[in-house]
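The values are calculated or read from the model by the stated rules, or taken from the named source; none is laboratory data. Note that the structure is predicted; figures quoted are calculated from it, not measured. Cβ atoms come from the backbone with ideal geometry, glycine included; neighbour counts cover every protein chain shown. In case anyone asks, the SASA skips ligands and DNA or RNA and just uses the protein heavy atoms, side chains included. Shrake-Rupley method; radii C 1.70, N 1.55, O 1.52, S 1.80 Å.
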Amino acid sequence: MTDDAQPLPTGDTVPLPLGTPLPQAEGDGGGPHALPLPTPDEALELVAPLTIPYAFARKFGTVVHTADPLTIALREGADPRALIELRRHIGRPFAIARVEGPAFDRLLSDAYAMDGQATAIAAVGMGDELDMLADGIPTAEDLLDTADDAPAIRLINGIIADAARNGVSDIHIEPYETGLVVRMRIDGVLRETLRMPPHVAPVVVSRIKVMARLDIAERRVPQDGRMALTLGGKLLDVRVSTLPSRAGERVVLRILDKENAGIDLDALGMNPAMYALLREALSEPNGIILVTGPTGSGKTTSLYAALRLLNDGSRNILTVEDPVEYAVEGVGQTQVNAKVGLTFAAGLRAILRQDPDVVMVGEIRDRETAEIAVQASLTGHLVLSTVHTNDAVGAITRMRDMKVEPFLLASTLRAVIAQRLVRRLCPACRRPVEAKETVAPLLGIDVHATVYEAVGCPQCNGSGYKGRTGVYEAVRVDDTIRRLINEGGDEQAIAAHAFAKQQPLAAVARTLVLDGVTTAEEAIRVSRRDSDAG
């Protein structure tokens with residue numbers, strides 16, 4: 001910027017004449033950054049807030065902040081001379097608001113991730129040609145940059161951008177004879193969001209394969225890959241899985257929002273007693289802490305929250321995972337690779353030669369991994385892992401089934417956490433009702449007790465639910481439980497002692513229902529087998 005160029009003050013109207021060219025920026029070898037005036041067809045698409053092409057908005061740090069009165073957000077540090085060209089393009093005066101970098105990125109994401117699907121679907125329906133082997137795909141493609149007008153690219157970008165904005169965890173792309181169906185898993189429930197003609201299926205699948213660096217010529221065997229994407233500055237990691245089916249290849253995209261790796265332990269939804277129990281177990285210098293639950297119950301998120309608490313720079317933390325879902329600064333992460341013999345057991349054995357203080361094993365699946373984990377805890381390491389069981393006490397039985405000696409298990413196990421996820425009721429539209437006669441006995445509540453039911457409103461997209469929260473139970477291994485494990489005590493005896501002071505899963509779920517956090521049906525779904533004992 002030249003010395004005579006003065007920054008534009010916040011909130012001032014910009015009295016720039018139409019047609020004024022943008023001066024050349026310092027250090028830029030090219031000419032003026034002119035934005036062509038939109039054609040009549042393009043003008044129809046420039047509906048507020050999409051009045052500025054995304055590539056220009058991102059490069060020069062400008063985005064529409066409010067439409068009435070028209071205010072342009074200018075990123076801190078951006079060259080204000082870009083506003084000259086913007087004034088020419090928009091054709092009317094506007095005010096300016098200076099915005100810091102992170103806040104600007106959120107504005108950019110919110111402004112340009114809207115209606116991406118509708119535009120892309122219309123383009124695919126026109127039958128435009130697709131360049132399926134686009135050269136030079138960058139390592140991390142920006143979903144909001146629509147400079148490439150290939151319809152399939154815009155379709156996929158629109159689908160993923162829409163999914164990321166709405167908190168979708170999985171996107172299912174399913175071909176049938178009658179059409180291509182797109183379903184999204186929101187808060188653990190699949191919903192159909194899009195249906196397209198059947199001829200679109202091979203085009204879309206091939207484009208996804210190119211983005212994930214998969215073999216587009218191989219359609220007979222399943223393939224797995226991943227792609228790194230950004231959504232207006234927000235990093236996304238998308239795992240891709242293809243599976244041959246009768247009508248074509250099914251594709252599932254698992255969206256891993258890297259911001260979830262930064263969730264703190266106190267944000268998981270544990271009650272104070274459960275939180276204190278887990279903090280106490282994590283403060284132990286050695287031993288095993290297990291997290292149990294079915295697939296999709298949030299076990300990995302809980303483990304990462306625990307690692308974040310322990311990751312203070314004074315410990316060497318190493319993990320072996322399948323796959324590595326989130327990259328965590330300060331933690332050494334190793335991915336299982338069965339093709340070259342890097343199993344959980346082999347990875348754990350190698351990790352123990354790396355002088356670790358804390359070890360996280362993605363899952364204990366077999367006897368060998370279980371035995372190495374026990375040996376690691378005996379030699380002074382804190383081991384965190386997951387086991388697939390229905391409840392916390394069941395994990396003790398499962399470890400015994402893997403032929404871990406009871407006396408070793410008793411001396412190394414510190415705590416077991418069992419968890420589920422339930423959908424949160426939308427606070428804007430939930431409605432109080434009396435508990436149903438068929439539901440109340442299953443939860444152990446009074447028939448006339450006040451509970452809440454889902455209604456549906458624009459804030460929750462008509463579902464009645466908004467987000468999820470965890471339901472937890474915990475077993476803290478004390479001297480009594482240690483003795484019961486060593487003597488081969490059954491699950492009922494261990495549970496009777498463990499839950500004398502702590503609440504079991506069913507009781508925690510019941511509390512969430514009475515507090516209006518979730519519905520009775522959701523609570524019964526996650527704690528049905530324990531409801532009689534709760």
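Quick look at the values:
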quantity: Qualifying residue in segment 397-416 (condition: touching a Ser or Thr at 6+ places or on another chain (Cβ under 7 Å), at pLDDT 90 or above and farther than 18 Å from LEU303 by Cα); calculated: yes
quantity: Subset of segment 406-426 that is over 30 Å from GLN459 (Cβ atoms) and within 28 Å of the chain's Cα centre (by Cα) - its residue that is surrounded by the fewest Cβ atoms within 10 Å (Cβ to Cβ); calculated: ALA415
quantity: All positions within segment 294-341 that are under 15 Å from the mean Cα position of the chain (by Cα) and among the hydrophobic types (A, V, I, L, M, F, W, C); calculated: LEU303, ALA305, VAL324, ALA327, VAL328
quantity: Matching residues, segment 469-489, being free of Cβ contacts under 8 Å to residues at least 60 places away in the same chain, part of a helix (DSSP H, G or I) and open to solvent by 30 Å² or more (accessible area, probe 1.4 Å); calculated: ASP479, THR480
quantity: Search result, residues across segment 350-389 that are over 12 Å from LEU318 (Cβ atoms), of a type outside the set (Val, Ile, Thr) and surrounded by fewer than 21 Cβ atoms within 10 Å (Cβ to Cβ); calculated: GLU363, ARG365, ASP366, ARG367, GLU368, GLU371, GLN375, LEU378, GLY380, HIS388
quantity: Extreme residue, surrounded by the fewest Cβ atoms within 10 Å (Cβ to Cβ), among residues of segment 191-216 that are farther than 18 Å from ALA163 by Cβ and among the basic types (Lys, Arg); calculated: ARG213
quantity: Test: residue in segment 446-462 that is touching a Lys or Arg at 6+ places or on another chain (Cβ under 9 Å), outside any loop (DSSP other than H, G, I, E, B), surrounded by fewer than 18 Cβ atoms within 10 Å (Cβ to Cβ) and not charged (D, E, K, R); calculated: yes
quantity: Filtered residue count, segment 286-296, keeping only those that are open to solvent by less than 10 Å² (accessible area, probe 1.4 Å) and among the small types (Gly, Ala, Ser); calculated: 2
quantity: Residues of segment 65-114 that turn out to be closer than 26 Å to GLY167 by Cα, open to solvent by less than 20 Å² (accessible area, probe 1.4 Å) and either touching a Cys at 6+ places or on another chain (Cβ under 9 Å) or assigned to a helix (DSSP H, G or I) (or both), as a count; calculated: 4
quantity: Members of segment 154-190 found to be open to solvent by less than 10 Å² (accessible area, probe 1.4 Å), over 19 Å from ARG239 (Cβ atoms) and in a helix (DSSP H, G or I), listed by number; calculated: LEU155, GLY158
quantity: Identity of the residue in segment 458-492, of a type in the set (Asp, Glu) and at pLDDT 90 or above, that ends up farthest from GLY298 (Cα to Cα); calculated: ASP479
quantity: Residues within segment 297-339 that are within 17 Å of GLY225 (Cα to Cα) and loosely packed, with under 15 Cβ neighbours inside 10 Å, tallied; calculated: 5
quantity: Condition check for ARG353: over 28 Å from the mean Cα position of the chain (by Cα), in a helix (DSSP H, G or I) and not small (Gly, Ala, Ser); calculated: no
quantity: Condition check for GLU280: in a helix (DSSP H, G or I), farther than 29 Å from ASP187 by Cβ and of a type outside the set (Lys, Arg); calculated: yes
quantity: Residue in segment 137-144 that is part of a loop (DSSP other than H, G, I, E, B), at pLDDT below 70, of a type in the set (Val, Ile, Thr) and out of contact with any helix residue (DSSP H, G or I) (no Cβ under 6 Å at 6 or more places or on another chain) present; calculated: yes
quantity: Sole exception among (1) in contact with a Gly (Cβ under 7 Å, 6 or more places away or on another chain); (2) at pLDDT 90 or above for VAL336, by number; calculated: (2)
quantity: Any hit, segment 365-381, residues being among the aliphatic types (A, V, I, L, M), within 23 Å of the chain's Cα centre (by Cα) and farther than 24 Å from GLN503 by Cα; calculated: no
quantity: Selection status of MET270, assigned to a loop (DSSP other than H, G, I, E, B), in contact with a strand residue (DSSP E or B) (Cβ under 8 Å, 6 or more places away or on another chain) and at pLDDT 85 or above; calculated: yes
quantity: Residue match in segment 493-500 (condition: under 23 Å from LEU278 (Cβ atoms), β-branched (Val, Ile, Thr), open to solvent by less than 20 Å² (accessible area, probe 1.4 Å) and modelled with pLDDT of 90 or more); calculated: yes
quantity: Residue list for segment 209-243, filter: more than 22 Å from ALA338 (Cα to Cα) and either modelled with pLDDT of 90 or more or in contact with a His (Cβ under 7 Å, 6 or more places away or on another chain) (or both); calculated: LYS209
quantity: Exclusive hit being open to solvent by 40 Å² or more (accessible area, probe 1.4 Å), more than 20 Å from ILE288 (Cα to Cα) and either of a type in the set (Val, Ile, Thr) or touching a helix residue (DSSP H, G or I) at 6+ places or on another chain (Cβ under 6 Å) (or both), set LYS466, LYS403; calculated: LYS466
